[in-house]
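Colleague: Here's a structure for you.
The values are calculated or read from the model by the stated rules, or taken from the named source; none is laboratory data. If you're wondering where the values come from, they're calculated on a predicted model, not measured in any experiment. All Cβ positions, glycine included, derive from the backbone under ideal geometry; neighbour counts span all protein chains shown. What goes into the accessible areas is simple: the full protein's heavy atoms, side chains included, and nothing from ligands, DNA or RNA. Shrake-Rupley method; radii C 1.70, N 1.55, O 1.52, S 1.80 Å.
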Amino acid sequence: MCLRTGDVRGVDGGNKRMITCDSLVYQPFQPSGEALACDGVSIQSIVEHVGTPTYIYSARMVRESYRAIDEAFASYPHAIHYALKANSTMAITRLLRSLGSRADANSGGEIKIAERAGFAPGDIVFTGVGKTREELDYAIARGVGTINAESAGELDRIAAIARAQGRVARVALRVNPDIDAKSHPNISTGLKTNKFGVPLQEARGIYRARRETAGLQFTGVHIHIGSQITTLDPLRRAAETLVSLALELREDNFALEHVDLGGGLGIAYEGRPIIDPADYAGAVVPQLQRIGLPVVLEPGRAVVGHAGALVARVVDTKCFPDGRKFAVLDAGMGELIRPALYGSFHRIVPVNTRDGDETAWDVVGPICESSDVFARDRQLPPLEVDDLVAILDAGAYGSVMGSNYNRHMLAAEVLVDEGKWTTIRRRQTLEDVLALES
Ligand code: LLP
């Protein structure tokens, strides 16, 4: 296990082990001598070669986070399908494959990335609202492990495409249980007001009505109620709901092969306690035992979130008459949109800490949007132009959500592994961008 735990009262209503970002046993981004390093490799020396802004990832942290989940479920048959949407840079995707992970793809593009990284089509689950006919055609032709269908209509399109190809598609239906994940509203997916899945009460009927449909083989049931979930109760209830449906389908003689619990396990972006993978397993395994089928897990953030930092340079500082101080970085919402989109918290650490008292800073990006803010009133040591800062816990939903807004080029990405670093994605150039334009 990479995570240290301690007893704390009040998490999820009782004595639970607590994880905060301060209590991670392994901290990839730590001072080495005077300056911040990633797995002991100087960040300053990396960006002297690669420039800023740059994402830097710790291979060790990815490995430890993956293993923590795998070990937590050791007592129950399980398959981890890493959710590529969290970070699908090829080197990260290959690293997960080398650890024995399977893949959860959310688009035709992610299926192709997984295949190029060496995942067998049968080891990929294809999830996602709004799959196009072209994507379904490709997924069925390749023989992906399971397509998690989002609606009755999608099931019918899958069946028609499979018949046209002379194949049988392996499918599960994603159910929407109307469970509040108690996460940010923008990343909750299991409420009846969300666009995801089919209402729970309709699911059994949809399975039954298509039992004989040529081209379909129902292999499982799927649920995913949201992301960055930090309390056990919604996850336990989701598992209970899913297993109850699977038991009903067993009564109806469906030969299911698995149940798919989706992803959603939160990470500690700040000091608030979150759940340990072992507690997650402890909450859902008793439910799973009622059906005994292997469980598919689709973690994304919990695998890569803590492993990455966005390193940026201070390009300007200013102080307004009311005392508000701004540090303007060369990275903004085009590199890491989470704070602007969800108001999310990311730790910010100077790479070389200057002597002096901590004061409140607004840490902002260069984009012409007032929401382009990483932190308000953050207590930080003195900052000056050309200083480097690391925005931590940016390994998930960071670079994958990058954009060229204001014609900023996509950041470079670096992977640190066993004392060495490699550029795994070079910085985008204007020529790369203009190659698409006439
Ligand atoms: N499976 C399905 C069907 C999903 O929709 C997702 C995430 C996952 C698995 C992985 O969830 P995770 O273990 O990473 O929580 N951009 C947002 C997060 C969006 C999550 C979308 N779906 C953020 O930055 O917080």
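Colleague: Does I147 meet the test of being closer than 27 Å to E115 by Cβ and either open to solvent by less than 50 Å² (accessible area, probe 1.4 Å) or in contact (Cβ under 8 Å) with a residue 60 or more places away in the chain (or both)?
Modeller: For I147, the condition - closer than 27 Å to E115 by Cβ and either open to solvent by less than 50 Å² (accessible area, probe 1.4 Å) or in contact (Cβ under 8 Å) with a residue 60 or more places away in the chain (or both) - is met.
Colleague: Go through the range 112-130 and count every residue that is within 16 Å of the ligand (Cβ to nearest atom) and open to solvent by 20 Å² or more (accessible area, probe 1.4 Å).
Modeller: Counting residues in the range 112-130 that are within 16 Å of the ligand (Cβ to nearest atom) and open to solvent by 20 Å² or more (accessible area, probe 1.4 Å) gives 4.
Colleague: Another question, then. Restricting to the range 211-223, count the residues that are outside any strand (DSSP E or B), open to solvent by 40 Å² or more (accessible area, probe 1.4 Å) and in contact (Cβ under 8 Å) with a residue 24 or more places away in the chain.
Modeller: 2
Colleague: Where the second residue is assigned to a strand (DSSP E or B) and modelled with pLDDT under 80 and the first is more than 14 Å from the ligand (Cβ to nearest atom) and among the charged types (D, E, K, R) and lies in the range 176-200, which pairs have Cβ atoms under 8 Å and are six or more apart or on separate chains?
Modeller: Correct list of pairs: D180/S188.
Colleague: Among the candidates V351, V363, V389, single out the residue that is β-branched (V, I, T), open to solvent by less than 10 Å² (accessible area, probe 1.4 Å), modelled with pLDDT of 95 or more and in contact with a Phe, Trp or Tyr (Cβ under 8 Å, 6 or more places away or on another chain).
Modeller: After ruling out the rest, the residue left standing is V363.
Colleague: Against the condition part of a loop (DSSP other than H, G, I, E, B) and either of a type in the set (A, V, I, L, M, F, W, C) or more than 24 Å from G226 (Cα to Cα) (or both), how does V129 come out, does it pass?
Modeller: yes
Colleague: Another question, if that's okay. Restricting to the range 247-266, count the residues that are buried (at least 21 other Cβ atoms within 10 Å of the Cβ), under 20 Å from H81 (Cβ atoms) and among the hydrophobic types (A, V, I, L, M, F, W, C).
Modeller: First, the residues of the range 247-266 that are buried (at least 21 other Cβ atoms within 10 Å of the Cβ): 249, 258-266.
When the remaining residues are screened for being under 20 Å from H81 (Cβ atoms), the result is 258-266.
Now drop any that are not among the hydrophobic types (A, V, I, L, M, F, W, C), which leaves 259, 261, 265.
Residues meeting the conditions: 3.
Colleague: Among the strands (runs of 3 or more DSSP E) lying completely within the range 343-438, list those that include at least 1 residues that are of a type in the set (S, T, N, Q).
Modeller: By residue number, 359-364, 373-380, 420-425.
Colleague: Any chance you could count how many residues in the range 297-334 are more than 13 Å from the ligand (Cβ to nearest atom) and assigned to a loop (DSSP other than H, G, I, E, B)?
Modeller: So the answer is 9.
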